[in-house]
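Worksheet: the structure to be examined is printed underneath.
The numbers here are math on the coordinates, done by the rules we state, and not lab data. Just so it is clear, the model here is predicted, and its values are computed rather than measured. For neighbour counting, all protein chains shown are included, and Cβ atoms are generated from backbone atoms with ideal geometry for every residue, glycine included.
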């Protein structure tokens, strides 16, 4: 089976991490699939190489290149047609695929995290582009949120399972952290500069007995940071999808600092979801759903 995960996102590393999480789910399940992570993000797509996930990069095309008249000549369509996926996983970017997806064989799944309803009606110079759920075999919500679009829920997609990360002694050793002091990790991978802003706000922790560490994928940080979570006593992070749900899944004491985004409300994620318990890795649930299509 050929599976392609496609993301057009350019902000942060989160969508690349989601693609890697799904690849890891196929591996854990012992499924022999030809998996490709297709990304428009040249900054973070190489993270896939670190976990041996096959990837391809394509340029980010605009509404003219992906219009109904031009879509069949787009790089996106030509690349997907060449990859011939039996299953295409579209991460949020329905508006990039609107005039492409019905020209491709195979099954199609839209993966959707928390977004506002206006995300499904995009004003373009050519007119209003509205989401068409009938183009997809499944529309999957990868976290709990209210939406006007009917979606099938799975638990959040996590890059590792709990038994796959370093034990505390090994994690401390790899970090070079003394075992007698608590460790605080600042991990922020959204936009450039966000780590520095959060670091200034919580700089007092360095004077309160913590061994403080900083990680950003913009600067070759810890990846995946969850591998070291058994050594982390306090996590300071944004409330982006991966940052938030990794902290929840691994039950880390965390301070969430929501950051502004165009369609996502990180503050809402914290308010509505921080009391939830995440029992299962949604990547494993999604993989089973794909295999049962």
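Test of understanding: in a Gaussian network model of the chain with alpha carbons linked when under 10 Å, which of 150, 216, 13 would top the mean-square fluctuation ranking? Per the Cα network of the chain with a 10 Å cutoff, 150 tops the list. Here the label points at residue 73 and residue 255, each 7 Å from Cα along the C-beta direction, are separated by 5.5 nm in the simple model.
Given axes a ≥ b ≥ c from the Cα gyration tensor, I'd like to know whether segment 1-138 is rounded (a/c under 1.5), prolate (a/b larger than b/c) or oblate. Because a/c hits 1.5 or more and a/b exceeds b/c, segment 1-138 counts as prolate. Across the chain, the relative contact order, built from alpha-carbon pairs under 8 Å that are at least six residues apart, equals 18 percent.
Counted over segment 203-293 with a bin width of 10 Å, the fraction of Cα pairs per bin, in whole percents, is 13, 40, 35, 10, 2, 0.
The distance between label points at residue 2 and residue 207 comes to 6.0 nm (points 7 Å beyond Cα on the Cα→Cβ vector). Between the C-alpha center of segment 28-83 and that of segment 212-276 there is a gap of 26 Å. Going by neighbour counts of Cβ atoms within 10 Å, the residues 55, 262, 168 line up, fewest first, as 262, 168, 55. Sorting 157, 111, 222 from the fewest to the most surrounding beta carbons within 10 angstrom yields 222, 111, 157. Among 237, 79, 36, the largest mean-square fluctuation in a Gaussian network model of the chain, built with springs joining Cα atoms closer than 10 Å, belongs to 79. Note on residue 174 and residue 117: with the Förster distance fixed at 41 Å, the Cβ-Cβ geometry gives a FRET efficiency of about 0.40. Our estimate of slack between residue 200 and residue 268, defined as 0.36 nm per intervening residue step minus the Cα-Cα distance, is 22.1 nm. If you model the chain as an ellipsoid using its alpha carbon gyration tensor, with each semi-axis the square root of five times an eigenvalue, the axes come out at 34, 20, 18 Å, biggest first. Each of 32, 7 has some number of other Cβ atoms within 10 Å of its Cβ, and from fewest to most they run 32, 7.
Here the simple spin-label model places points 7 Å from the Cα toward Cβ, and for residue 50 and residue 292 these points are separated by 3.4 nm.
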